[in-house]
Amino acid sequence: MRIDIISVAPGLLESPFNHSIIKRAKEKGLAEIKIHDLREYGLGNYKQIDDTQFGGGAGMVMMIEPIANCIKKLQSERTYDEVIYMTPDAKTLNQSTANTLSLKENIVILTGHYKGVDQRIRDKYITKEISIGDYVLTGGELAAAVLVDAVVRLIPGVIGDEQSALTDSFQDNLLSPPVYTRPSEFEGMKVPDVLLSGNFPKIDDWRSDQAYKRTEEIRPDLLEDKTS
């Protein structure tokens, strides 16, 4: 998979993509991540990328020409499955979306700044808009990092134990059950006997039951989605 990220502040993305699972995915050749500095496409001697709003109002707007020129250059080099805009006024990222995107070959991610991008960019070039929550960040770089991490870890071969990703929270609209490791007893707190029994059908039943109970208690909305 190749992911191209268009950013006003590319330095914010250096650390997230050079550690842990994302780093290993890159080293294995399973994910290629390229960050493009939008200012390289800026206008005039000062490489302008933003301007005041038509109609007045506080805050600057990312201009159409630099973004369009960057996207068109990328699209001249390869075909992209999605051109994604990270913005708080979009549908919230969920596991289903991450699963779908992990099957794509080439993706562009545009990170927003200021008051956002000229609407015409969204109308003409963007194929999918994603939010990571109902709050506003300084820019879309951290949101893009969250999306990339959620997607890349699902690519076959990235995680050593692929079954682990398939049993994560939200894969079946359920939260994960409690997990335990050694020691089996700590300060009077014991691991549930069923997990030590070696009876794997019973363990599976216990985990399914616990996942449902946790979801019902913490995120009942997920159960409503499951039945709708």
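A few notes on this one:
- Selected residue [closer than 24 Å to N94 by Cβ, of a type in the set (D, E), outside any loop (DSSP other than H, G, I, E, B) and at pLDDT 95 or above] from D209, D225: D209
- Of all residues in region 95-143, those satisfying the criterion of being among the aliphatic types (A, V, I, L, M) and in contact with a Pro (Cβ under 9 Å, 6 or more places away or on another chain) are I132, V136, L137, L142, A143.
- Yes/no for I35 being crowded, with 18+ Cβ neighbours inside 10 Å, in a strand (DSSP E or B) and out of contact with any Phe, Trp or Tyr (no Cβ under 6 Å at 6 or more places or on another chain): yes
- Of the residues making up region 41-69, those that are more than 18 Å from Y125 (Cβ to Cβ) and not in a strand (DSSP E or B) are G44, N45, Y46, K47, Q53, F54, G55, G56, G57, A58, G59.
- L43 vs. criteria without any contact (Cβ under 8 Å) to a residue 24 or more places away in the chain and open to solvent by less than 80 Å² (accessible area, probe 1.4 Å): yes
- Residue count, region 39-64 (criterion: charged (D, E, K, R) and under 11 Å from V117 (Cα atoms)): 2
The values are calculated or read from the model by the stated rules, or taken from the named source; none is laboratory data. Bear in mind the structure is a predicted one, so any value in this text is a computation, not a measurement. As a convention, Cβ positions derive from the backbone with ideal geometry for all residues, glycine included, and neighbour counts pool all protein chains shown. Ligands, DNA and RNA are excluded from the accessible area calculation, which covers all protein heavy atoms including side chains. Shrake-Rupley method; radii C 1.70, N 1.55, O 1.52, S 1.80 Å.
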